[in-house]
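Inspection log for the structure reproduced underneath, given as structure tokens.
The values are calculated or read from the model by the stated rules, or taken from the named source; none is laboratory data. Please read these numbers as outputs of a predicted model, since none were measured by experiment. Cβ coordinates were reconstructed from backbone atoms using ideal geometry, including for glycine residues, and neighbour counts include every protein chain displayed. Side chains included, ligands, DNA and RNA excluded: accessible areas come from the protein's heavy atoms. Shrake-Rupley method; radii C 1.70, N 1.55, O 1.52, S 1.80 Å.
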Amino acid sequence: MTNDANKMWGGRFAAGPDAIMEAINASIGFDQRLARQDIQGSRAHAAMLAATGILTNSDAEAIREGLLTVLSEIETGEFAFSTALEDIHMNVEARLKELIGEPAGRLHTGRSRNDQVATDFRLWVRDQCDAAHSGLRALQIALLNQAEAGADWVMPGFTHLQTAQPVTWGHHMMAYVEMLGRDASRFADARARMNECPLGAAALAGTSFPIDRDATAQALGFDRPMANSLDAVADRDFALEFLAASSITAMHLSRLAEELVIWSSAQFRFVTMSDRFSTGSSIMPQKKNPDAAELVRAKIGRILGATVGLFTVMKGLPLAYSKDMQEDKQQVFDAADSLMLSLAAMEGMVADMSANPDALRVAAASGFSTATDLADWLVREAGLPFRDAHHVTGTLVALAESTGVDLPDLSLDQMMSAHPAITDAVFGVLGVDNSVKSRTSYGGTSPDQVRSQIAFWKERLG
Ligand code: ARG
């Protein structure tokens with residue numbers, strides 16, 4: 001070659017790329033994160049090329065050994081990545097050539113960077129599904145421990161962030177265990193669907209070499225090769241599914257984070273966050289800020305942003321591969337990092353925090369939280385239609401509010417002024433403990449129900 005044209009395809013080029021072209025084209029700055037998967041894929045490909053007689057055993061062996069050397073150079077940080085070599089695939093291959101010479105040039109037989117990158121990225125995202133799954137499990141266990149400690153602690157349940165009815169701390173914790181359980185199953189579903197191997201689709205049409213796609217699929221832990229070579233190199237739905245599952249999880253984490261922020265305030269004092277997951281203020285000495293919770297609350301922005309970003313990259317692309325698709329990686333990397341960090345931080349916060357049962361109880365008893373219990377009592381014991389009972393209770397709430405007391409503090413006479421059928425027995429349902437104990441319907445907040453939810457999940461999470 002007499003010019004500085006690219007060594008991989010310079011045959012039909014008279015000149016090398018402009019510096020700006022090189023800058024926009026190169027992905028090595030970020031796709032080096034795929035090094036391990038790239039080398040794993042190439043080793044499987046080389047072994048298959050030897051097994052099918054496409055390469056000699058000695059060439060394949062040299063390639064497989066050389067790739068291990070490249071991997072260790074990358075892992076120890078000795079490897080010199082080159083922007084001129086554009087991406088991880090060509091960086092690895094070029095170094096392999098320096099190490100083993102001519103056989104390196106045979107590795108790319110029967111494949112293309114299109115199926116190579118699709119394979120590498122699937123392997124990477126598959127690992128992230130597993131990491132998300134175990135991060136979720138760890139957080140579920142932390143929540144389960146909280147639930148178990150306070151299965152019968154009463155606290156206010158809210159709707160519209162207004163006191164609604166008393167619930168138990170355990171019930172509230174277990175609500176998140178359920179949500180995160182669905183999140184974990186979304187990652188498991190996505191993983192099962194993405195576990196098909198693109199390798200061997202080559203550029204887009206397959207190859208005329210007698211390759212064995214089942215062998216490479218199996219070597220890489222995939223269930224089977226992808227059935228259509230165009231689809232194999234063209235789609236990134238697996239990454240979108242991962243991002244969608246990540247977005248839903250991040251939304252759940254954001255809600256829990258928001259509750260921790262509210263609950264740890266001096267106005268609520270429902271929980272005390274540990275020093276390990278709080279920060280101070282440089283000016284206000286009294287401050288203990290729930291920064292970790294606030295940051296988890298915010299991470300949805302990046303994760304959902306990545307989801308929208310990748311949808312936008314993929315929409316409208318004609319089949320098969322287009323270079324647009326190189327823009328798939330950075331956002332997925334960032335979203336995955338953000339998700340795993342959020343899960344770890346949330347697990348730490350939940351495991352370390354301590355609930356304040358006294359503050360929970362005081363709050364549970366205020367705000368007329370047992371008004372529904374009173375209305376239900378009127379239906380059950382005095383035979384009123386629920387709508388009438390609702391009205392009678394409403395007048396009593398108004399009376400209590402105007403005299404500055406809570407429902408249980410009203411006298412029997414005051415009660416009877418709203419409805420003559422009310423008896424002393426009504427006071428039995430106005431306490432918060434009786435209120436939560438009475439909610440025994442399946443999935444309800446009674447401590448017995450909560451304990452059976454806890455038992456179910458303990459068994460499930462092992
Ligand atoms: N760096 C590329 C990417 O991430 C690899 C595939 C390049 N293929 C191609 N035909 N230029 O998408």
Item to check | Student exercise, the stretch 97-207 dipole from Lys, Arg, Asp, Glu Cβ charges, in Debye to nearest 20 | outcome: 400 debye
Checklist entry - Considering amide H positions built from the backbone, and no H for Pro or chain starts, which residues 5 or more places from V271, or on another chain, come under 5 Å of its amide H? => result S264, N356
Checklist entry - Mind listing the phi-derived Karplus ³J(HN,Hα) values for the stretch 215-222, rounded to whole Hz, using 6.51, -1.76 and 1.60 with θ = phi - 60°, and x for any glycine or proline? => result 5, 5, 4, 5, 4, 9, x, 7
Checklist outcome for this item: Phi angles of the stretch 393-400, converted by Karplus (6.51 cos²θ - 1.76 cosθ + 1.60, θ = phi - 60°) into ³J(HN,Hα) in whole Hz with x for Gly and Pro, give 4, x, 5, 5, 4, 4, 5, 4
Checklist entry - Over what distance in Å are the Cα centres of the stretch 279-345 and the stretch 387-462 separated? => result 43 Å
Checklist entry - Summing -39500 (n - 2.57) over the DSSP H runs of n ≥ 4 in the chain and dividing by its residue number, what mean residue ellipticity at 222 nm do you reach, to the nearest 500 deg cm²/dmol? => result -20000 deg cm²/dmol
Item to check | Degrees, to the nearest 10: 169-194 long Cα axis against longest axis of the chain | outcome: 20 degrees
Checklist entry - For the chain, with only Lys/Arg (+1) and Asp/Glu (-1) charged at the beta-carbon, what is the dipole magnitude about the Cα centre, in debye rounded to 20? => result 340 debye
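Take the Cβ-Cβ distance between T403 and T440 as r, set R0 to 25 Å, and report the resulting FRET efficiency rounded to the nearest 0.05.
0.15
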Item to check | Neighbourhood net charge (13 Å Cβ-Cβ; Lys/Arg +1, Asp/Glu -1) for V397 | outcome: -4
Next on the checklist: Past the 14 angstrom mark, what percentage of all C-alpha to C-alpha distances in the stretch 176-237 do you count?
Outcome noted: 62 percent
Checklist entry - By average Cβ neighbour count within 10 Å, what is the ranking of 28-37, 242-251 from highest down? => result 242-251, 28-37
Checklist entry - From largest to smallest, what semi-axes in whole angstrom does the stretch 17-62 give when each is the square root of 5 times an eigenvalue of its alpha carbon gyration tensor? => result 32, 13, 7
Checklist outcome for this item: P(r) over all Cα-Cα pairs of the stretch 338-462, 10 Å bins from 0 to the longest distance, whole percent per bin, short to long, reads 11, 31, 27, 16, 12, 3, 0
Checklist entry - What is the extension gain from A421 to D130, computed as 0.36 nm multiplied by their sequence separation minus the C-alpha to C-alpha distance, in nm to one decimal? => result 98.7 nm
Item to check | Residues with amide H under 5 Å from that of V167, placed H, sequence gap 5 or more | outcome: M155, G157
Item to check | For the chain, alpha-carbon Rg and Dmax in angstrom | outcome: 30.8, 106
Checklist entry - Tell me, what is the per residue accessible area of the chain in Å², probe radius 1.4 Å? => result 46 Å²
Item to check | Quarter of Cα convex hull surface for the stretch 198-277, i.e. mean projection, nm² | outcome: 8.6 nm²
Checklist outcome for this item: Note: probe point = Cα of A51 + 7 Å toward Cβ; backbone nitrogen < 17 Å; residues of the stretch 183-203 passing the test are 196-201
Item to check | Whether the stretch 138-191 is rounded, prolate or oblate, judged on the alpha carbon gyration tensor where a/c under 1.5 counts as rounded | outcome: oblate
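Of all the C-alpha pairs in the stretch 1-101, what % are more than 21 Å from each other?
41 percent
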Item to check | 26 Å Cα-Cα reach of K299 towards lysines, excluding residues that sit fewer than 8 places from it in its own chain | outcome: K287, K288, K315, K329
Item to check | Cα centroid separation - the stretch 208-267 against the stretch 21-92, whole Å | outcome: 24 Å
Next on the checklist: Using the Karplus curve 6.51 cos²θ - 1.76 cosθ + 1.60 with θ = phi - 60°, what ³J(HN,Hα) values do you get for each residue of the stretch 125-142, in whole Hz, with x for Gly and Pro?
Outcome noted: 5, 4, 4, 5, 4, 5, 5, 5, 4, 6, x, 5, 4, 4, 5, 4, 5, 4
Checklist entry - Could you give the alpha-carbon Rg of the stretch 34-92 over 2.2 N^0.38 Å, rounded to two decimals? => result 1.18
Checklist entry - So which lysines can K97 reach, going by Cα to Cα under 18 Å and dropping same-chain residues fewer than 8 places off? => result K7
